[in-house]
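Read through the structure below, which is laid out as structure tokens, and then see the notes.
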Amino acid sequence: AVIGRYKLSVQTGSSSPANLGTFVLLFNPWSSGDDVFMPNKAECEEYVLEEFGIIFAGNKNHISGFGWNFGQFQGDTLNICLSILDRSLYYRQDPVTDVSHRHDPRYLGRVLSAMVNANDDQGVVLGNWSGKYEGGKNPSSWTGSGEILQSWKKSGFKPVKYGQCWVFAAVLTTVLRCLGIPTRTITNFSSAHDADGNLRVDEFYDADGNHLERGADSVWNFHVWNESWFTRNDLGPSYSGWQILDATPQEESGGIYQCGPASRHAIKEGEVDLDYDCPFVFAEVNADCMYWNYDSATGKKTLIFSKSTEIGDSISTKAVGRDDRVDVTSDYKYEEGSAKERDIFKKARKKLGLEDKFDPTAPTQEEIEQKPDISGKFKVAGSLEVGKDLHLLLVLENLQSDAKTVNVNMTAWSTLYTRRPVREIWKDSISVTLAPKEEKHFPIKIKYPEYQQQLTTDKTIQVTAICHVEDGIQVLVQRNITLDNPAIDIQVLGEAKVNKEVVVEVAFTNPINTEVKDCVLQVQGSDLLQGILELRIPPLKASEKSSTKFKLIPSEAGPKHLLVNFSCDKFADIKTFKMVNV
């Protein structure tokens, strides 16, 4: 049966039917006959009924997580989810056919992956990766889907400004869970955006070590998509189970910005010819990475090095029934660097016709196999916290048995989480002589006042050193750094009971030696309070502690999550959450 709103009437004898009202039919993951049947009850609880989630972010060296209020059973959410279906391009073009397909989670997953972004169809959320968010909300400032869905409805279905990948994934989770399809968010670290479909991403740097925006390929510090659970009658039983859907508008599929469902099993086995969008998803977790030096004067590019183990790291999701991270990388690919993993990569290339086709942009085998004379890496020394100076070490090692002279050009840029460079923070160059087999450490200090104005709200910095070795090949050393916000503390004062007031205290200490102002605290949590509570807090002098109290009246028993977001002029979106047992 198709899901949606039904009229129910009863007829006795020859009398005219009496209308009894309406009901909404949803998918049922508890029912063994349903396409979304999930045999594990604890998983049903987590992936359909749980209104709180943790989304993982940061980078592969430094994974962090923040809470999200999906709120799929709050207020008017179900009605809004049903109206999303009735506003899709598919429905507008052919309503009868569209509705007749609404029994199929494959179809609905694909339609909703298009409708959650605003491209093509005036969908729910408008993406913005510019670093400038005038006329809307910074994507980092949202902490729940409810506010986004409500705004979309209240504005007469105008796209809500602005979203980035985790916002699209979180809203899609809300909509699919609301309709009864088990769904979760997945974070892929060092995620490839392979725009030209050659299973390779190319990054370009100039001689000074600046990361250039050339070509459409990119590697994001992290990217968030969804997995939904349903059968694939079109592909066969081994491809059922978790299916990848991605509502972030990256590449068109079938002429519009939609992605999936791609069977996770198909991705692992390199079956990139199966529906839908497997090549793009396969590349996100498997693409090879090429780093080039580009000379803008001559237009010449020289391969610095290539890496086949860079992409698709620490693929993460929230654990069932607890607030922990689970690593699911091995469900997406065989062990990185293993013979099996390389075989699957070759199989995928072959299916895409890349093995037999000459690619003039590809490096030669000779370029790929060239061996550098030195190696380098950046090490972090000390804490990575907004408000503190940044201490790094550049470690250079001579791999040869003769001395080497190296000229090193270093830069640090503030970036978005997509590694798009935004503003230069610092640059320096040094000339070094390394004795045979010698390792040297060079300390780097970037002071807080140097980076404070330049930092984006993603709090990410890319540090690069390009090492010009005399009579040798260049060596690129880079590190993406994500800074942590200072901590914020939540205490529930007393026992939380249904329909009884309970006091909560939120404390924050200003960690920097200047005053912070424009302080705002936002609080939300399904079944703990209605909507969003916003509290203005007076300015805080250097090292001053603020303590704010407010009351909650929980409406339902059980483990509930309170989400807090604190912002001021020097720190954006300091987020934390606390489980409250009602």
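The values are calculated or read from the model by the stated rules, or taken from the named source; none is laboratory data. Nothing here was measured: the structure is a model prediction, and the numbers come from that model. Here Cβ is always computed from backbone atoms with ideal geometry, including for glycine, and neighbour counts include all displayed protein chains. The area values use the complete protein model at the heavy-atom level, side chains included, leaving out ligands, DNA and RNA. Shrake-Rupley method; radii C 1.70, N 1.55, O 1.52, S 1.80 Å.
Below, the figures for the structure above:
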read-out	value
Antiparallel DSSP beta bridges within the chain, percent to nearest 5	90
In nm, spacing of pseudo-spin labels at S543 and K440 (7 Å Cα→C-beta vector)	3.9
Cα centre as origin, Lys/Arg/Asp/Glu Cβ charges: segment 369-482 dipole, Debye	460
Net lengthening on full extension, D86/D489 (0.36 nm per residue, minus Cα-Cα)	140.8 nm
Per residue value of the accessible surface for the chain (all protein chains in place, 1.4 Å probe), Å²	43
Relative contact order [Cα under 8 Å, 6+ residues apart], segment 40-188, whole percent	29
Zero-based 10 Å bins, Cα pair distances in segment 481-543, whole percents	16, 42, 28, 12, 1
Evaluated at q = 0.08, 0.09, 0.12 Å⁻¹: base-10 log I(q)/I(0), Debye formula over Cα of the chain	-0.61, -0.76, -1.26
Cα→Cβ-extended label distance, 7 Å offset, between L49 and E355, nm	4.9
Cα-only Debye scattering, segment 52-352: base-10 log of I(q)/I(0) at q = 0.11 Å⁻¹	-0.66
Accessible area of the chain belonging to carbon and sulfur atoms, whole % at 1.4 Å probe	49
Contact order normalised by residue count of the chain, Cα under 8 Å, 6+ apart, percent	11
Rh by Kirkwood over Cα pairs, then Stokes-Einstein D for segment 333-381 at 0.890 mPa s and 25 °C, µm²/s	175
Pairs of Cα atoms farther than 25 Å apart, segment 201-348, %	38
Accessible area in the full protein assembly, largest first, 1.4 Å probe, for K440, K541	K541, K440
Segment 488-581: radius of gyration over Cα atoms, expressed as a fraction of 2.2 N^0.38 Å	1.12
Point-to-point label distance, K447-A381, nm (Cα→Cβ direction, 7 Å offset)	1.8
Hydrodynamic radius by Kirkwood, which averages 1/r over all alpha carbon pairs of segment 71-164, in angstrom	14.0
Rounded to the nearest 20 debye, dipole of the chain from Cβ charges on Lys, Arg, Asp, Glu	1540
Gain in span if fully extended, N28 to Q370, counting 0.36 nm per residue against the direct Cα distance	117.5 nm
Mean Cβ neighbour count within 10 Å, used as a protection proxy, ranking 508-521, 459-472, 280-293 highest first	280-293, 459-472, 508-521
Value of [θ]222 nm, deg cm²/dmol, for the chain, DSSP H segments ≥ 4, -39500 (n - 2.57) each, nearest 500	-4500 deg cm²/dmol
Computed FRET value (nearest 0.05) for E213 with K500, which takes r as the C-beta separation and R₀ as 51 Å	0.35
Segment 369-482: relative contact order in percent, alpha carbon pairs under 8 Å with at least 6 residues between	32
Stretchable slack from F73 to S155, in nm (0.36 nm times residue separation minus alpha-carbon distance)	27.4 nm
Alpha-carbon Rg/Rh ratio, for segment 369-482, with Rh computed the Kirkwood way	1.01
